[in-house]
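All remarks here apply to the structure that follows.
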Amino acid sequence: MSAEMLVSLLLTTMTAATPLLLAALGELVVERAGVLNLGVEGMMLTGAVSGFAIMSLTGNPALAILTAVAAGALLAAIFGFLVLSLMSNQVATGLALTIFGTGLSALIGTGFTGRPVPGLAKLPVPVLSAIPLVGRLFDQDALVYLAIVAVAAIAWFLKSTRGGLVLRAVGEADLSAHSIGYPVLRIRFLAILFGGAMAGLGGAYLSLAYTPMWVENMTAGRGWIALAIVVFAAWRPWRAAGGAYLFGGITVLQLYLQGSGLLPIPPQLLSMLPYLGTILVLTLISSGPFRARFSPPACLGKPFRPPT
Amino acid sequence: MLHVDRRRLLLGAAALGTTALAGRILPARAAGPFQIGFLYVGPVGDFGWSYQHDKGRKAVEAKFGDQVKTSFVESVAEGPDSERVIRQLASGGSQLIFSTSFGFMNSALKVAKQFPAVKFEQATGYKTAPNVAEYNGRFYEGRAVCGAIAGHVSKSGVIGYVGSFPIPEVVMGINAFTLAARKINPAIKVKVIWVNSWFDPGKEADAAKSLIDQGADIICTHTDSSAIVQTAEARGVHAFGQDSDMKQFGPNAHLTAIVNHWDDYYIARTKAAMDGSWKEQSVWEGLKDGIVEMAPYGPGVTDAARAAAEATRTGIIAGTLHPFTGPVKDNKGTVRIAAGATPGDADLFKQDWYVEGVQA
Amino acid sequence: MRILVEPRRQPSRRLWTLTPILALVLTMAIATALFAALGYDAADSFMAFFVSPLTDLTGLTELAVKGAPLLMIAAGLAMAFRAGVSNIGAEGQLIMGAVAGGGVALAFWEQSGPWILPLMALAGIGGGMAWAAIPAFLRVRFAVSEILTSLMLTYVADLFLNLLVYGPWRDPDGMNFPQSRLFNDDETLGILVDGTRLHTGTLVALVLALAVWVVMTRSLLGFRIRTVGASAAAARYAGFGNDRVIWFTLLASGGLAGLAGLFEVAGPIGQIIPQITPGYGFTAIIVAFLGRLHPLGIVPAALVVALSYIGGENAQVLVGLPKAVTGVVQGLLLFILLASDFLVRYRLRLARRAGAAA
């Protein structure tokens, strides 16, 4: 494979990984706070359609992205109210959120099918984008960069800030956090809103940058993959980036392999590769010398009621 | 017990409902407009296969006005759900039912047995019954027109083809396209990528990108979204649209599109069912009868390409040109269609091989 | 004045049965308002969505046909979830059950005899179990999360089914369309009520749900499962192996999902096609929790969820409600049902002074 082809492959991988990574990062923060939200797919779809609608009506990409973020957060707020205030079951409520969001997005999007919008503008990074061959990797739209910056920012927040420490404490030991005086429910609610916002952003990436259009169910299951990536990442941001790029990379690679005609095996088997590859890699890192001493946040999925 | 209470409530509500409101939702069959039901496999907002069928439904409504009443169910799963929905349409008073995906065929046949007075129209498939007709478009004819254009327009000689699933429709489309393209430029190579989905715009875009990276300067698609045309536009290559005219997604990239045009067929069959002349039939119509139409040629279609495309189109309509006229060799070198021969319809469906020049 | 929330010492028995009903009524009210707000005839929409599936024999039997796979899968999942094992790949286990059991049917398509159907059922259970065994093994041996593996394997199962139906299992007389031969009479489930699709599998589903209830409440095994779910440490202290519970619950839930898949292909479908399930494996997760992980709660939960799907279809047919609206209503129904549990466990009281809360 030529170097140029490799760069092309990386370039396609970056766009394929970005929506997964954005949504996974949001969910990662939610889960570190001790809440499991399986409604990522529904929030992504709602974000995608809301962003697209505003882009189509106003032509303002910043406003469109903000709307998508707000729409994702709004849907997440419903979830937050149900699981935090009313202590409904998180797994089931998240799944219901996906059904709700899928329907809602289709309802909002009725008038927007088949309408094209201009994609997000490319923002070349000075100097880097001028490098021959690999320069292309540094000429992307804002959300691709944002996803990478978000990885660093969230990693730093969780590890080195007081807020991150509190968030982790809430996810690991809610009763202790409460007894020290942290508002467990409020922190969890904020985390849920953040998760919704990031899922909305991931959805907006699909409808505004990846394939600038709206069609029902256009996320095609990416919300579920984002959830799997959080598990793959053992709840750590940099590993989430690795997971998203791994999954996106194998998906794109199998398409290139099909196109090259080098591997004469059925396309269904090639299409299995991203899923099998993710399982294999996770098994290897779980059993090898890098064995992750990292289990899910202790309070994940459990309701919390302040003792009276 | 919980379940007893809940069920009792539902039954109670049901009893209340039947006495109070039942007359409202089930109009008597004889009186009132002629009812027509439509069954779609995707959402009407897919801007593809189901969207085009729904356009046909709207054309029926526009044509017959108050004389008809149409209803539709979208995104019906092809498993056990479809039989229930078809039965619901029939028992709800529909006198004519269009089930618009191959996966509905066996369900439609089962329900048709129970409702002999209701007429059924099954899009794509191969079985009929006294009250079940089957219809389909010869989309491969449109593919041949696209192929003629591609043979002239492609400079690299590599054409990318994004496929959904290797069903007969898609396989014969790839073959017709490749044969037509190679008639003009025998060096043309067609690379196929299967995305194993009818509908995943992101993955379709990725497949298109990988084909472009591997030298393709025209992308053809047999999936349902407009992502391919859009990606081609962004990368400065050409593409063909699918199901409907997609030029707004790539004004420069869009060469033409195969447009599924069901309006006239639906109107004709509705008329036949209403006046009693409806008969079981198996219809496979193409460019000649207007089920398959070509969208206006885009700016990338050169004069030579346009001439070749029109020659192909008019030849097919006149019956002087068959896209599969032999000799046709498969991509392993075996002669599949003898020189001068043309395959029958059943042979077209049985194609599970690819013609010379296809890499699938 | 503010509202105080107080936990009940015992979940309220009365509200335990009353809240789902209240929730249903509330959903119906909100949904009807939504129909009206969107410009549809509120009364017609209400009738079509909530009542029409219950007004005739066909509707009621269809409810059972749609509810049976949900019930069977959810009963198995309830065991797993009780043990703290998050099997979210029942969809894939269902597909593999249909593949294995349907494979038996295709292998013996020229034969007849009463032995074929039981053999298919066994293969179906085996197929589901085998697919669930992979996450079980990876979890026990390598501590790999079953959430990820079971979900990823669902996509693999779907592609595997595709591979077969587009390849070797294609009906040789089927004009190359992706579908297998039709199963013969001895390979399809019997019909309980003539003229309907109510098949013997629905009865089996009910019996199996009851069996799960007996296992969970009356057996040592059920006790172990509940103990491990409550606290893995306590279970170890009591001498119960966590690993064995993981294996058992994954295999049991996988086997039940596999049998549900076989019942779909040997029942309503009658052959193998690329799309066997409209998401039963995922919907069953909601059913399991809606039924409070209790096998007897799951029976009405499965029926209510089945009703919401069939009602959605009917609303499209009868009043032209778009599918999008039915999705929104379904989401609302689930939200309200899930939230209503709150009243079972907590009591609301009005207090005059904020200080009274402490």
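Go through the residues of region A:199-210 one by one and say whether even a single one is over 20 Å from A:Ala298 (Cβ atoms), in contact with a Phe, Trp or Tyr (Cβ under 6 Å, 6 or more places away or on another chain) and either of a type in the set (A, V, I, L, M, F, W, C) or within 14 Å of chain B (Cβ to nearest Cβ) (or both).
Yes, region A:199-210 contains a residue that is over 20 Å from A:Ala298 (Cβ atoms), in contact with a Phe, Trp or Tyr (Cβ under 6 Å, 6 or more places away or on another chain) and either of a type in the set (A, V, I, L, M, F, W, C) or within 14 Å of chain B (Cβ to nearest Cβ) (or both).
Would you pick out the residues in region B:95-106 that are small (Gly, Ala, Ser) and modelled with pLDDT under 95?
Residues satisfying the conditions are B:Ser101, B:Gly103.
Only one of C:Gln316, C:Gln271 is within 30 Å of C:Asp185 (Cβ to Cβ) and modelled with pLDDT of 90 or more. Can you tell me which? Spell out the reasoning first.
Values: C:Gln316 fails: within 30 Å of C:Asp185 (Cβ to Cβ).
Just a single option satisfies the conditions, and that option is C:Gln271.
Please find, within region B:73-84, the residue that is surrounded by the fewest Cβ atoms within 10 Å (Cβ to Cβ) out of those that are of a type outside the set (D, E, K, R), within 7 Å of chain C (Cβ to nearest Cβ) and more than 18 Å from C:Ala260 (Cβ to Cβ).
B:Ser75
Does at least one position in region C:87-94 carry a residue that is touching a residue at least 60 places away in the same chain (Cβ under 8 Å), farther than 18 Å from C:Ile286 by Cβ and out of contact with any Lys or Arg (no Cβ under 7 Å at 6 or more places or on another chain)? Walk me through it before giving the result.
At the first step, the residues of region C:87-94 found to be touching a residue at least 60 places away in the same chain (Cβ under 8 Å) are C:87-94.
Pick out the ones that are also farther than 18 Å from C:Ile286 by Cβ and you get none.
No, there is no match, as no residue in region C:87-94 is touching a residue at least 60 places away in the same chain (Cβ under 8 Å), farther than 18 Å from C:Ile286 by Cβ and out of contact with any Lys or Arg (no Cβ under 7 Å at 6 or more places or on another chain).
Residue by residue through region A:174-216, note down the ones that are touching a Leu at 6+ places or on another chain (Cβ under 7 Å) and either surrounded by fewer than 23 Cβ atoms within 10 Å (Cβ to Cβ) or farther than 15 Å from A:Glu41 by Cα (or both).
Within region A:174-216, A:Leu185, A:Ile187, A:Arg188, A:Phe189, A:Ala191, A:Leu208, A:Ala209 qualify.
Here is a yes/no grid of residues against (1) facing another protein chain (nearest Cβ under 10 Å); (2) surrounded by 24 or more Cβ atoms within 10 Å (Cβ to Cβ):
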| residue | (1), (2) |
| --- | --- |
| A:Met43 | no, yes |
| A:Ser50 | no, yes |
| A:Ser56 | no, no |
| A:Gly59 | no, no |
| A:Gly72 | no, yes |
| A:Ser88 | yes, yes |
| A:Ala96 | yes, yes |
| A:Ile108 | yes, no |
| A:Gly111 | yes, no |
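Given the conditions (1) in contact (Cβ under 8 Å) with a residue 24 or more places away in the chain; (2) farther than 25 Å from C:Thr188 by Cα; (3) buried (at least 21 other Cβ atoms within 10 Å of the Cβ); (4) of a type in the set (A, V, I, L, M), report the number of the one that C:Val140 does not fulfil.
Result: C:Val140 fails condition (3) only.
What's the number of the only condition in (1) under 29 Å from C:Pro268 (Cα atoms); (2) away from chain C (no Cβ under 14 Å); (3) not hydroxyl-bearing (Ser, Thr, Tyr) that B:Lys127 fails to meet?
With (1) under 29 Å from C:Pro268 (Cα atoms); (2) away from chain C (no Cβ under 14 Å); (3) not hydroxyl-bearing (Ser, Thr, Tyr) applied to B:Lys127, the lone miss is (2).
Based on this model, can you work out whether B:Lys155 counts as part of a loop (DSSP other than H, G, I, E, B) and within 16 Å of B:Val301 (Cα to Cα)?
Taking the combined requirement at face value, the residue satisfies it.
Would you point out which residue out of C:Gly320, C:Gly270, C:Gly327 is more than 17 Å from the chain's Cα centre (by Cα), facing another protein chain (nearest Cβ under 7 Å) and at positive phi?
Details: C:Gly270 fails: facing another protein chain (nearest Cβ under 7 Å); C:Gly327 fails: at positive phi.
Just one listed residue meets the conditions, C:Gly320.
Condition check ((1) more than 14 Å from every other protein chain (Cβ to nearest Cβ); (2) touching a residue at least 60 places away in the same chain (Cβ under 8 Å); (3) in contact with a strand residue (DSSP E or B) (Cβ under 8 Å, 6 or more places away or on another chain)) across all residues:
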{"residue": "B:Gly319", "(1), (2), (3)": "yes, no, no"}
{"residue": "B:Pro323", "(1), (2), (3)": "yes, yes, no"}
{"residue": "B:Val328", "(1), (2), (3)": "yes, yes, yes"}
{"residue": "B:Gly333", "(1), (2), (3)": "yes, no, no"}
{"residue": "B:Arg336", "(1), (2), (3)": "yes, no, yes"}
{"residue": "B:Gly344", "(1), (2), (3)": "no, no, no"}
{"residue": "B:Lys350", "(1), (2), (3)": "no, yes, no"}
{"residue": "B:Tyr354", "(1), (2), (3)": "no, yes, yes"}
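Can you say whether C:Leu334 is touching a strand residue (DSSP E or B) at 6+ places or on another chain (Cβ under 7 Å) and not assigned by TED's automatic domain parsing to the domain that holds C:Gly222, as far as the supplied structure shows?
no
Condition first: under 17 Å from B:Asp352 (Cα atoms), touching a helix residue (DSSP H, G or I) at 6+ places or on another chain (Cβ under 6 Å) and part of a helix (DSSP H, G or I). Now tell me which residues in region B:168-219 satisfy that.
If the condition is that a residue be under 17 Å from B:Asp352 (Cα atoms), touching a helix residue (DSSP H, G or I) at 6+ places or on another chain (Cβ under 6 Å) and part of a helix (DSSP H, G or I), then B:Pro168, B:Met172, B:Gly173, B:Ala176, B:Phe177 are the ones that fit.
Select, from B:Ile193, B:Ile174, B:Ile159, the only residue that is touching a His at 6+ places or on another chain (Cβ under 8 Å), crowded, with 24+ Cβ neighbours inside 10 Å and not aromatic (Phe, Trp, Tyr).
Residue meeting the stated conditions: B:Ile174.
May I ask you to verify whether B:Gly298 is touching a strand residue (DSSP E or B) at 6+ places or on another chain (Cβ under 8 Å) and within 14 Å of chain A (Cβ to nearest Cβ)?
Numbers: touching a strand residue (DSSP E or B) at 6+ places or on another chain (Cβ under 8 Å): yes; within 14 Å of chain A (Cβ to nearest Cβ): no.
So B:Gly298 fails the test.
Hey, does region B:114-122 have a residue that's in contact (Cβ under 8 Å) with a residue 60 or more places away in the chain and either farther than 30 Å from B:Pro186 by Cα or polar (S, T, N, Q) (or both)?
Looking for residues that are in contact (Cβ under 8 Å) with a residue 60 or more places away in the chain and either farther than 30 Å from B:Pro186 by Cα or polar (S, T, N, Q) (or both), one finds at least one in region B:114-122, hence yes.
Looking at B:Pro168 and the list (1) at pLDDT below 95; (2) crowded, with 24+ Cβ neighbours inside 10 Å; (3) under 24 Å from B:Arg313 (Cβ atoms), which single condition is not satisfied?
(2)
Only one of A:Ala64, A:Ala73, A:Ala106 is among the hydrophobic types (A, V, I, L, M, F, W, C) and over 30 Å from B:Asp245 (Cα atoms). Can you tell me which?
Going through A:Ala64, A:Ala73, A:Ala106 in turn, the sole match is A:Ala73.
Quick one: how many residues across region C:319-338 are touching a residue at least 40 places away in the same chain (Cβ under 8 Å) and more than 16 Å from B:Ser75 (Cα to Cα)?
The number of residues fulfilling the criteria is 8.
Rundown of residues vs (1) within 14 Å of chain A (Cβ to nearest Cβ); (2) among the aliphatic types (A, V, I, L, M); (3) part of a helix (DSSP H, G or I), yes/no style:
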{"position": "C:Ser150", "(1), (2), (3)": "yes, no, yes"}
{"position": "C:Trp169", "(1), (2), (3)": "yes, no, no"}
{"position": "C:Met175", "(1), (2), (3)": "no, yes, no"}
{"position": "C:Val193", "(1), (2), (3)": "no, yes, no"}
{"position": "C:Ala211", "(1), (2), (3)": "no, yes, yes"}
{"position": "C:Thr217", "(1), (2), (3)": "no, no, yes"}
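May I ask you to say which residue of A:Gly101, A:Gly114 is at pLDDT 95 or above and small (Gly, Ala, Ser)?
From the options A:Gly101, A:Gly114, the qualifying one is A:Gly101.
Name the residues in region C:285-296 that are at negative phi, within 14 Å of chain A (Cβ to nearest Cβ) and either surrounded by fewer than 24 Cβ atoms within 10 Å (Cβ to Cβ) or in contact (Cβ under 8 Å) with a residue 60 or more places away in the chain (or both), would you?
Listed by number, the residues that qualify are C:Ile285, C:Val287, C:Ala288, C:Phe289, C:Gly291, C:His294.
Return yes when A:Met272 is under 26 Å from C:Val165 (Cα atoms), facing chain B (nearest Cβ under 10 Å) and part of a loop (DSSP other than H, G, I, E, B) and no when it is not.
Considered against the rule, which asks whether it is under 26 Å from C:Val165 (Cα atoms), facing chain B (nearest Cβ under 10 Å) and part of a loop (DSSP other than H, G, I, E, B), A:Met272 comes out as no.
Kindly indicate the residue of region C:273-284 that is hydroxyl-bearing (Ser, Thr, Tyr) and more than 10 Å from chain A (Cβ to nearest Cβ) and also surrounded by the most Cβ atoms within 10 Å (Cβ to Cβ) among those meeting that condition.
First, pick out the residues of region C:273-284 that are hydroxyl-bearing (Ser, Thr, Tyr): C:277, C:280, C:283.
This time we only want the ones that are more than 10 Å from chain A (Cβ to nearest Cβ), so: C:277, C:280.
Numbers: C:Thr277: 28, C:Tyr280: 26.
Going through the qualifying residues, I end up with C:Thr277.
The values are calculated or read from the model by the stated rules, or taken from the named source; none is laboratory data. Note that this is a predicted model, so its numbers are computed, not measured. Because the Cβ atoms are built from the backbone with ideal geometry, glycine has one as well, and the counts that use them run over all protein chains shown.
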